[in-house]
Amino acid sequence: MITELGHFALILAFVIACVQATVPLVGAHKRWSGWMAVGDTAAGLQFLMVALSFAALTYAFVVSDFSLRLVTLNSHSAKPMLYKITGVWGNHEGSMLLWVLIVALFGACAAWFGGNLPPGLRARVLAVQAMVGIAFLAFILFTSNPFLRLAVPPLDGQDLNPLLQDPGLAFHPPFLYIGYVGLSMTFSFAVAALIEGRVDAAWGRWVRPYTLAAWVFLTIGIAMGSWWAYYELGWGGFWFWDPVENASFMPWLIAAALLHSAIVVEKRESLKSWTILLAIIAFGFSMIGAFITRSGVLTSVHAFANDPERGMFLLGITAVFMMGGLTMFAARAGSMQARGVFALSSRESMLVANNVLLGVSAFVIFVGTIWPLVAEIFFDRKLSVGAPFFDMAFTPFMVVLGALLPIGSMMPWKRGQMARVSRQLVPALVLALAVLGLAWAIQSGRSLLGPVGLALGTWLVVGAALDLWSRTGVRGDARSRARRLMRLPRADWGKATAHAGLGVTFAGIAGLLAWEAEDIRVVQTGDSFDLAGYTITLEDVRRSEGPNYITTIADMRLSKDGEEIGLLQPEKRFYPVAEMPTTEAAIDIGFARDIYVVIGDPQDNGGWAVRTYYKPLANWIWGGAILMALGGFLSLSDRRYRVAAGAKKIARAEGVPAE
């Protein structure tokens, strides 16, 4: 009964979305306030119906209702409760239902918290968002129904993919989807602005919180996926340039460009057309990500489904929204004239450079990702594009971006003096060069990658700190300037924190790639071996049983210079229901390095295959991501996001200029 109610709620949500997509749009065109108000009510009801449907599917997984086909294929009665719940979105149909739930949630948020928006714009935004919901609700109902019943239910299920039975990956999809779907709101704002034919500073302020929220959750989702791949897959890497990884990274880059471009619209009313275009493209890349993970056109270990028919449906949805958005953009772009004029040496110019670098780097990744498909279709050649291409083609843009960020952050609006900003950044440059020289001397003349990465990271972190300090003015003693520093807007603190986080991530990636050490050998019980100054001893290997798996656990003692550091216990698990093994690495985590140990298969001579890594600065990668996300949350908490647009509205209502 509950399952049928969930299915009925999904159908009702589709009907409500159709109403939301038409009535407010007509009302905005005719200036009928009653019709426009329908959008607010419909958005809330649509979210309620989709939430009920999602709750019904979750209930079926929790109680192990194997009469439901999706539960049978992706759950098992012996599975821990956490993975029963995460099994809801650990498959194609459930993940798409989660996607639609977030689409409806963002639409409802625009209705609930969009009181400071002009009624016409709010009505059009809600209508466009409902169109997105209609497309994906139709996709679920007609091609990916999660509520299909089995005529003869089995006694038990087939279990969830063992690789997905991990806490890190349990929460990775929801965070990633919030980021993906958050970009649908920027698309809705862009199309609504194109319908109205007006983009102004207030529009830039309204769209920024949604862009920032999408970027923050994408950051968290990507970082969690990277961390999962690092410790779960047993390869010891954090990024493999897999097509699905690229599918999440491209929207992140475009969202970062959009975020910075929207600042120019808000502050200077420039780059209007470019910002609208970025909003459309950002959502397009998130749609491409959904297509790649579900169509099977590109091979990936992260793919949800391998169904060309459903892939073509998603490709059709992408084509409709992108062609529609770009057609409207072509028709309206000429009317969005920029007001602000700026010099070559200004913050606006630096933000343009930022946008170019982020946009081109995303395009490079896009070309590398789809090129195997293009080569197979048009040239009848099978090839793969791997890490060497992406590292060589992508890295230079990031190096230049990192070099420009501190300068751009401190450059004044409209017109500035490069020499003055450069003098303020001299301490950051000196410290960065000192770190480069020290790293070069310590590593005894190996690759420049490590020293340059550490120098670039130092430049970004110290540059962010100097940017904050420069905002306290030049007058007063250090104590009074420190008090002014603590009173700076949270958006300033958020920007500095995010830029510093990017520097920490740059340093971590460079250090890991430049100075990593690997050891692969067969080890007998009781034997010891050395790795990068550490001693590892295989003390014992034993078998054990988990809730729904059988595992082989190794006890490996880690020490340095005769002093014991800890016990590492890597595992090799086997899931009988899924008939699939997994590798559980054991990691001794330190501030400056990780010791990473993987136990392999038993050998004929009685030993065990053991793979160990010394990974310097590994945790700086995810620590930097945490800082970037924290910076985003700090900026979102700035009260100016909540107050200023409302103040503009009140000013206009009273006949007073808003600026």
> If you bin the C-alpha pair distances of the chain every 20 Å from 0, what whole percents do you get?
Replying inline: 17, 47, 31, 5, 0
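If R0 is 35 Å, what FRET efficiency do you get for Thr327 and Glu4 from their C-beta distance, rounded to 0.05? Could you put the intermediate results ahead of the total?
Details: r = 41 Å, r/R0 = 1.17.
So the FRET efficiency works out to roughly 0.30.
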>> Let me check I've understood the local charge: for Trp99, count other residues with C-beta under 14 angstrom from its C-beta, Lys and Arg +1, Asp and Glu -1. What total comes out?
In response: +1
> Could you state the principal axis extents of the C-alpha atoms in segment 335-432, from the largest down, to the nearest angstrom?
Replying inline: 56, 47, 13
> When we measure straight from the Cα of Lys272, which lysines land under 29 angstrom away, once same-chain ones fewer than 8 places off are left out?
Replying inline: Lys30, Lys414, Lys495, Lys648, Lys649
> Using 7 Å Cα-to-Cβ label points, what is the Leu48/Val15 separation (nm, one decimal)?
Replying inline: 1.5 nm
> Which whole-number percentage describes the relative contact order of the chain, with Cα contacts under 8 Å and a sequence gap of 6 or more?
Replying inline: 11 percent
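Taking 0.36 nm per residue of sequence separation and subtracting the Cα-Cα distance, how much length would be gained by fully extending the chain between Leu344 and Leu155, in nm to one decimal?
Extra length from Leu344 to Leu155 when fully extended: 61.0 nm.
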> Taking the Cβ-Cβ separation of Leu567 and Asn605 as r and a Förster radius of 25 Å, what is the calculated FRET efficiency to the nearest 0.05?
Replying inline: 0.50
> For segment 518-619, what's the radius of gyration and Dmax over Cα atoms, in angstrom?
Replying inline: 13.9, 45
> At 20 °C and 1.002 mPa s, what whole-number value in µm²/s does Stokes-Einstein give for the translational diffusion of segment 1-155, with Rh from the Kirkwood sum over Cα pairs?
Replying inline: 133 µm²/s
> Along the charge dipole of the chain, Cβ charges K/R +1 and D/E -1, which of Gly566, Val125, Gly450 sits furthest on the positive end?
Replying inline: Val125
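Take His29, His260 and order them by how many other Cβ atoms sit within 10 Å, fewest up front.
Numbers: His29 14, His260 21.
Placing the least packed residue first, the sequence is His29, His260.
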> If you stretched the chain out fully between Leu448 and Phe363, how much longer would it get, using 0.36 nm times the residue separation minus the C-alpha to C-alpha distance?
Replying inline: 27.9 nm
> Amide H to amide H under 5 Å from Ser345: which residues, 5+ apart in sequence or cross-chain, H placed 1.01 Å off N in plane?
Replying inline: Gly416
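Using a simple charge model, +1 on the beta-carbon of Lys and Arg, -1 on the beta-carbon of Asp and Glu, nothing else, what dipole does the chain show about its Cα centre, in debye to the nearest 20?
Working: 51 positive and 45 negative charges, 809 e Å.
With Lys and Arg at +1 and Asp and Glu at -1, about 3880 debye.
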> How large is the helix-only mean residue ellipticity at 222 nm for the chain, computed as the sum of -39500 (n - 2.57) over DSSP H runs with n ≥ 4, divided by its residue count, in deg cm²/dmol to the nearest 500?
Replying inline: -22500 deg cm²/dmol
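Tell me, what is the FRET efficiency for Met580 and Val356 to the nearest 0.05, using R0 = 41 angstrom and their Cβ-Cβ distance as r?
0.35
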> Among Ile589, Ile280, which comes first, second and so on when ranked by fewest other beta-carbon atoms within 10 Å?
Replying inline: Ile589, Ile280
> Using modelled backbone amide H atoms (1.01 Å from N, in-plane), which distant-in-sequence or interchain residues come within less than 5 Å of Thr535's amide H?
Replying inline: Ser559, Lys560, Asp561
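When N counts the residues of segment 587-628, how does its alpha-carbon radius of gyration compare numerically with 2.2 N^0.38 Å, as a ratio? Numbers along the way, then the final one.
Values: Rg = 14.7 Å, N = 42, 2.2 N^0.38 = 9.1 Å.
For segment 587-628, the normalised Cα radius of gyration is 1.62.
Every number in this text was worked out from the coordinates using simple rules, so none of it is lab data. Everything numeric in this text was worked out from a predicted model, so none of it was measured. Note that we place each Cβ from the backbone using ideal geometry, even for glycine, and neighbour counts take in every protein chain shown.
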